[in-house]
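Peer 1: Dropping a structure here in structure tokens format, bear with me for questions.
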Amino acid sequence: METNESGFRLGLIGTGIVGALHIQAAQALPGVTVAAVCDIDADAAGRMAQEAGAVAYTSHEEMLAAEALDGVVITAPHALHAGMTLAAAAAGVHVLVEKPMATSVEDCTAMIDACEAAGVVLAVGHVVRFGALARRAEEVLRSGELGPVRAISQRRTSHYAKGSRPEWFFDPGLAGGGIVMNVGTHGLDRIQWLGGSSVQTVHAHTWSHGDLLIETDAMGFVGLTNGVKAIFQFTSAGLPYIDETVVQCERGALRWSAPEGLWVSRGGKETPLAAGAEEPVDAFAAQLADFTEACRSGRPPRVDGAYGRSVVAAVRAVYDSASSGQPESVAGDLLRSGR
Ligand SMILES: NC(=O)c1ccc[n+]([C@@H]2O[C@H](COP(=O)([O-])OP(=O)(O)OC[C@H]3O[C@@H](n4cnc5c(N)ncnc54)[C@H](O)[C@@H]3O)[C@@H](O)[C@H]2O)c1
């Protein structure tokens, strides 16, 4: 599917918190025009359209039919990602869909099939790996200086109480789950990406504060297809912001804390590689640049649909294990051997 020669015409579905970051990223990117935005909340759509110099819609179907878009960014509630992707594919429009790709593996497969059949790019917004710290962490691990990865621990806090985020995040039908489906997808992405293969087995426990219908806390043990082991803990309350990954390798370790920086350690001595938190918009701009380049050139995006599905499959395995009380496996055809 070719793109407009005069510039990449981008549309946005969902003008909420993260939609604003995608718009900022698009405005920083040469050759990209935010042509149209859509939200069922007409005021929100109108405000963002005005800021972006775009046309506002309250129906994504109408926007796709009217606007000759090259690509669309989908930042709506999780359970709506699949239907919106199918609509974009049917209109011949490339898709960058926010994480989690969808709420079920079956929906992910339908999205992959529809985009393949339409010849459009399907990229999934696992934005974490597009930041500067992530790129530096990847360089260190790929250089081999620390030896092979053996184990990973991932810890993340996220205040998960009513009022802390838009109401739909607490609706299992729209959100598909709680802290694991939402922020846990970033942690499971880090484990898969830095560990170098897919989550194959999971033994997890989840629980919920109060009378919420989604889980607010989770912990678990996972095995990747290449033998790397990982533990994760996603915690809802009582702690300051922690988002830390420790990658233990044969000859040392890498510690990556999103708010604090990146360190490498050998022989018990930790050396800083980078300090401080990053501006989120930089990673969003790098992600959008990768997406538009994939659309123009026909090469795959850095994070494709099969990868996005492997993260959703890992989340579903967490839920299956939490409900059965037993270790659970991800089906073989959903695994990815690479990064
Ligand atoms: N990559 C990241 O770091 C990151 C951060 C936050 C959120 N997210 C993801 O981004 C997505 C959106 O999250 P958010 O925090 O921006 O939520 P939000 O509630 O702020 O925004 C969602 C918007 O979608 C709109 N919407 C709902 N139904 C719609 C429909 N049928 N058509 C058009 N618009 C519709 C809502 O009115 C709302 O404005 C989710 O997938 C979330 O997990 C990613």
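For (1) hydrophobic (A, V, I, L, M, F, W, C); (2) farther than 19 Å from VAL312 by Cα; (3) more than 12 Å from the ligand (Cβ to nearest atom), each residue gets a yes or a no:
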site	(1), (2), (3)
LYS162	no, yes, yes
ILE179	yes, no, no
LEU194	yes, no, yes
ASP217	no, no, yes
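Peer 1: In the range 86-163, which strands (runs of 3 or more DSSP E) lie fully inside it and hold 2 or more residues that are at negative phi, basic (Lys, Arg) and at pLDDT 95 or above? Give the steps one after another, and end with the answer.
Peer 2: On the way: elements: 94-98, 122-125, 149-157.
So the answer is 149-157.
Peer 1: Answer yes or no: is there a residue in the range 140-152 that is within 22 Å of GLU98 (Cβ to Cβ) and either surrounded by fewer than 18 Cβ atoms within 10 Å (Cβ to Cβ) or not assigned by TED's automatic domain parsing to the domain that holds SER265 (or both). So that I can check it myself, show each step before the final result.
Peer 2: Residues of the range 140-152 that are within 22 Å of GLU98 (Cβ to Cβ), as a first pass: none.
Looking through the range 140-152, none of the residues is within 22 Å of GLU98 (Cβ to Cβ) and either surrounded by fewer than 18 Cβ atoms within 10 Å (Cβ to Cβ) or not assigned by TED's automatic domain parsing to the domain that holds SER265 (or both).
Peer 1: Could you tell me whether any residue of the range 286-296 is β-branched (Val, Ile, Thr) and within 15 Å of ALA134 (Cα to Cα)? Walk me through how you get there before you give the answer.
Peer 2: Keep residues of the range 286-296 that are β-branched (Val, Ile, Thr), which gives 292.
If we keep only those that are within 15 Å of ALA134 (Cα to Cα) too, we end up with none.
No, because not a single residue in the range 286-296 is β-branched (Val, Ile, Thr) and within 15 Å of ALA134 (Cα to Cα).
Peer 1: Of MET111, MET84, which residue is of a type in the set (A, V, I, L, M, F, W, C) and within 13 Å of the ligand (Cβ to nearest atom)? Quick ask: steps written out before the conclusion?
Peer 2: Numbers: MET111 fails: within 13 Å of the ligand (Cβ to nearest atom).
From the options MET111, MET84, the qualifying one is MET84.
Peer 1: Next question, about the same structure. Can you tell which of GLY187, GLY119, GLY173, GLY177 is within 25 Å of ASP282 (Cα to Cα) and either touching a residue at least 24 places away in the same chain (Cβ under 8 Å) or within 19 Å of the chain's Cα centre (by Cα) (or both)? Let's see the steps before the verdict.
Peer 2: Working: GLY119 fails: within 25 Å of ASP282 (Cα to Cα); GLY173 fails: within 25 Å of ASP282 (Cα to Cα); GLY177 fails: within 25 Å of ASP282 (Cα to Cα).
Result: GLY187 is the single residue among GLY187, GLY119, GLY173, GLY177 that is within 25 Å of ASP282 (Cα to Cα) and either touching a residue at least 24 places away in the same chain (Cβ under 8 Å) or within 19 Å of the chain's Cα centre (by Cα) (or both).
Peer 1: Given THR245, THR206, THR201, THR235, which one is over 23 Å from SER265 (Cβ atoms), of a type in the set (Val, Ile, Thr) and in contact with a Lys or Arg (Cβ under 8 Å, 6 or more places away or on another chain)?
Peer 2: Details: THR245 fails: over 23 Å from SER265 (Cβ atoms); THR206 fails: in contact with a Lys or Arg (Cβ under 8 Å, 6 or more places away or on another chain); THR201 fails: in contact with a Lys or Arg (Cβ under 8 Å, 6 or more places away or on another chain).
The unique qualifying residue is THR235.
Peer 1: Still on this structure: Quick check on the range 89-106: of everything there that is in contact with a helix residue (DSSP H, G or I) (Cβ under 6 Å, 6 or more places away or on another chain) and free of Cβ contacts under 8 Å to residues at least 40 places away in the same chain, which residue is nearest to the ligand (Cβ to nearest atom)?
Peer 2: Result: VAL95.
The values are calculated or read from the model by the stated rules, or taken from the named source; none is laboratory data. If you're wondering where the values come from, they're calculated on a predicted model, not measured in any experiment. Note: ideal-geometry Cβ built from the backbone for every residue, glycine included; neighbour counts use all protein chains shown.
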